[in-house]
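The values are calculated or read from the model by the stated rules, or taken from the named source; none is laboratory data. Just so you know, these numbers come straight off a predicted model, no measurement behind them. Because the Cβ atoms are built from the backbone with ideal geometry, glycine has one as well, and the counts that use them run over all protein chains shown.
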Amino acid sequence: MPLPAFLSIRALVETVALLVDFQIRVSQLLEARDLKGLDELTMNRIFSSRDEEWLKQSPEFKTVNVLTHIEKLDKLLPGALNHYNRLSERCHPNSLGHHQMYTTTDYSNGTVTYDTRKAMRDVPAIIAGLTLLAVTDHSLRELTTLFELVSELHHRISPSSRA
């Protein structure tokens, strides 16, 4: 069954989109020497939530919708949003997620049968999503370097000038 793979790849696209956005934002804030902005961004990404009760007390932790990150990723990697939307269609209980993925209808007699060939026809979409692992590797390497620079900046700026 390919459904768990579609769900996993869709989650990978979401994670990569968030990671790439985080990497770009860290780089920009570092270039601006904005430690406060770096702290706010990092805290938001670690503790973000949609829980309305929690957000009443800590509105700075409101999560950014994942589609916002995926739309940004699409500007860097054209086709990412379309791919994500196709994966989403396959993950939901709709025509593509049920009937078109698993069954064949014989309209002459009204029977519906499980069709293993249909279940596997979109496997290339799963494989295509795996190519984002290279993007993940690149972003993590970049972030490793950026974190070292953030640490250096943090130690160079005097405590009185951080606020």
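Does segment 84-108 hold any residues that are within 20 Å of LEU18 (Cβ to Cβ) and at pLDDT 90 or above, and which are they?
Within segment 84-108, TYR84, ASN85 qualify.
Is it the case, given these coordinates, that ARG117 is touching a residue at least 12 places away in the same chain (Cβ under 8 Å) and either farther than 30 Å from SER151 by Cβ or among the polar types (S, T, N, Q) (or both)?
The answer is no for ARG117.
Within segment 28-39, can you find the residues that are at negative phi and surrounded by fewer than 15 Cβ atoms within 10 Å (Cβ to Cβ)?
GLN28, GLU31, ALA32, ASP34, LYS36, ASP39
Would you mind finding the one in LEU55, LEU81 that is under 14 Å from the mean Cα position of the chain (by Cα) and either surrounded by 15 or more Cβ atoms within 10 Å (Cβ to Cβ) or at pLDDT 95 or above (or both)?
That would be LEU81, the only listed residue that is under 14 Å from the mean Cα position of the chain (by Cα) and either surrounded by 15 or more Cβ atoms within 10 Å (Cβ to Cβ) or at pLDDT 95 or above (or both).
With at pLDDT 90 or above, in contact with a strand residue (DSSP E or B) (Cβ under 9 Å, 6 or more places away or on another chain) and either of a type in the set (Asp, Glu) or surrounded by 13 or more Cβ atoms within 10 Å (Cβ to Cβ) (or both) as the only criterion, which of THR63, THR15, THR42 stands out?
Residue meeting the stated conditions: THR63.
Contact list please: Cβ distance under 8 Å, first residue in segment 4-19 and of a type in the set (Phe, Trp, Tyr), second residue not in a helix (DSSP H, G or I), pairs at least six apart or on different chains.
The qualifying pairs are PHE6/ASP122.
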